[in-house]
1. If you check every pair at least six apart or on different chains, which have Cβ atoms under 8 Å apart with a residue in the range 267-286 that is more than 16 Å from residue 340 (Cβ to Cβ) first and a residue that is part of a loop (DSSP other than H, G, I, E, B) and of a type in the set (Ser, Thr, Tyr) second?
2. Pairs please, first residue from the range 384-403 and among the hydroxyl-bearing types (Ser, Thr, Tyr), second anywhere and open to solvent by less than 10 Å² (accessible area, probe 1.4 Å), Cβ atoms under 6 Å, 6+ apart in sequence or on different chains.
3. Might you let me know whether the range 447-462 holds any residue that is among the basic types (Lys, Arg), closer than 24 Å to residue 360 by Cα and either in contact (Cβ under 8 Å) with a residue 60 or more places away in the chain or open to solvent by 10 Å² or more (accessible area, probe 1.4 Å) (or both)?
4. Return the pair list, or none, for Cβ contacts closer than 8 Å from residues in the range 348-370 that are closer than 20 Å to residue 297 by Cα to residues that are part of a loop (DSSP other than H, G, I, E, B) and open to solvent by 30 Å² or more (accessible area, probe 1.4 Å), at least 6 apart or on different chains.
5. Residues that are over 23 Å from residue 179 (Cβ atoms), of a type outside the set (Val, Ile, Thr) and modelled with pLDDT under 90: does the range 78-91 have at least one?
6. Suppose we filter the range 290-329 for residues that are buried (at least 21 other Cβ atoms within 10 Å of the Cβ), within 25 Å of the chain's Cα centre (by Cα) and either among the aromatic types (Phe, Trp, Tyr) or not in a loop (DSSP other than H, G, I, E, B) (or both); how many remain?
7. Starting from residues that are open to solvent by 80 Å² or more (accessible area, probe 1.4 Å) and not aromatic (Phe, Trp, Tyr), keep the ones in the range 104-129 and report whichever is nearest to the chain's Cα centre (by Cα).
8. Answer yes or no as to whether residue 47 is in contact with a strand residue (DSSP E or B) (Cβ under 8 Å, 6 or more places away or on another chain), farther than 30 Å from residue 331 by Cα and either small (Gly, Ala, Ser) or open to solvent by 30 Å² or more (accessible area, probe 1.4 Å) (or both).
Amino acid sequence: MFRFIPGVDSPEAIASLNSADLGELHDPVARLVLGRGIFPRSAAEFLTAIAAHDQAADGLPSQRTFLAGEGAQIANLKVDRQLRFVITRGRREGEQPDVLISTSATGSPFDGFLQVIGWDDKRRLYNFYQRLFGNAWFWSGNSEHALRSPSRGRGPFDSHVNGTLVMKELKQPWLNWHSMNASIHQDLLRESTLSGSLFAQELSGAEDLEQQVMRPGVRRSTAARVARSCDGVTVREAPLLLRHLFDSTTVNLASTTLQSTRIQATTDVMLPLSFFLASDLLLNGGLGLESAVTGARKTSGKAYLSSLAQFEVALKAPGFHQSGDTFFAFVVPERSLEDDEVVREMLRLGWLTPRFVACALMVDLANPVFSNLRAELTQVVPDELALAQDGGFSETLANLIVAKATKSGVSGAAEFASLWNLGTEAWRDAAVQRISSYVAAVDRRLTTEDGFADYFRLAESRRREFARTPLREFCLTLPATNIPDDAALLEMNENGDVQPKRGQGATGGRDAPKCV
């Protein structure tokens, strides 16, 4: 068993884990398998090693198996669907599992990828492991390594950017997952490395993965992380926490619940509200803004089909081309569960007030993800923030932002200050009015084909920003269009109009996968 934390350890000096290293790993992966000198060659062998302890006090006898695959509903048998299992092991059914295994569902069980995450209940974080080169096992770091340089964004933390669990398509209809909305046909598992074994007798749906695994897993690791950042008086590394409110550290993918091939000209197409604003926090975060949205966010099937034709929408992968959208229509990035949970935890602890969170999210309201304007607010956050008895550090931080606003003219700070300065009561009514007016403007534009076409361009712009992150692993995750990859990025304004994005060229990232 080796240690290799990308960015921290040199590839030329990979070393075996010594007894001291192993003594710092308290999760079941180390305790029940690797720390005992057992190095499985496949997922099946790993599960056999775990199952040997089912009757022990620290055993994990409860198992669930989930299946995902980009393009799993495509009829073409030659397309590479990237089928993969997620297998969980826990102490009891219905409890948060402590081990998660991700592995290829096709091909040789000894050659495909095998990655394992273990929850360390003593240190309250996740450890990340992977098998390489046959049966060589590597510890690749823990949740803390994900959060700061030089390991941030490298190795397993290119996708697990916040050191916690990740499920890109988190919400109904769970695009690409076997679920109650769309099953993955068992015929696709004929060549599975696990199908037919006792480890994959029955697949669980993505709805259970979301509610019983991912959300509680992110919640517990986030609570532990936030607690570690504070000594009871001072919050350390405050910019690392506040970036989850002000910026997009990562995103999830949302879509309509409609199968794209079933949409006809007369179909009403309800678009995800999270495409238009940070709805999960603004409207469901206990900020008192629940009454702000009454509109429909509805367009016509005719407008949707017209945009598919206008932008030559197709699914593309090497050697594969199919005209049309993804299985569920209109896939778009939304604010991530990971970002929202950090904010919710700071609200729960009283570090942030509803007023402060709302004023921050109202900056660049119409662009809930990839907002350069809102991200500017991170610049004012000091490394440490002292907690006050009433309101945590919200007042301190708000004063810093307001002070910056007086010097900066048109800026994210100025937009924050314009709402904050209304006072402890009037800000809420003003926020409700702004949100209501904005959503009404969106609804008006959605009644026209040109209006929806603009929103389709905006969706494609945000997809291109997402495509330059490591979470865009597979070609079939998103549809292709005739919009060039280097086209100007776009953003929305509160009039419901789409315009060129301020701060062009700020996205960076890697090249998207080559899908032609």
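1. 269/256; 270/256; 270/257; 271/256
2. Between residues of the range 384-403 that are among the hydroxyl-bearing types (Ser, Thr, Tyr) and residues that are open to solvent by less than 10 Å² (accessible area, probe 1.4 Å), the close pairs are 394/352; 394/356.
3. Yes, that holds for at least one residue.
4. 365/494; 366/493; 366/494
5. Within the range 78-91, one or more residues are over 23 Å from residue 179 (Cβ atoms), of a type outside the set (Val, Ile, Thr) and modelled with pLDDT under 90.
6. Summing the residues that are buried (at least 21 other Cβ atoms within 10 Å of the Cβ), within 25 Å of the chain's Cα centre (by Cα) and either among the aromatic types (Phe, Trp, Tyr) or not in a loop (DSSP other than H, G, I, E, B) (or both) in the range 290-329 gives 4.
7. Among those that are open to solvent by 80 Å² or more (accessible area, probe 1.4 Å) and not aromatic (Phe, Trp, Tyr), it is 115.
8. Considered against the rule, which asks whether it is in contact with a strand residue (DSSP E or B) (Cβ under 8 Å, 6 or more places away or on another chain), farther than 30 Å from residue 331 by Cα and either small (Gly, Ala, Ser) or open to solvent by 30 Å² or more (accessible area, probe 1.4 Å) (or both), residue 47 comes out as no.
The values are calculated or read from the model by the stated rules, or taken from the named source; none is laboratory data. None of the values given here were measured: they were computed from a predicted structure. Cβ coordinates were reconstructed from backbone atoms using ideal geometry, including for glycine residues, and neighbour counts include every protein chain displayed. With ligands, DNA and RNA removed, areas are computed over all heavy atoms of the protein, side chains included. Shrake-Rupley method; radii C 1.70, N 1.55, O 1.52, S 1.80 Å.
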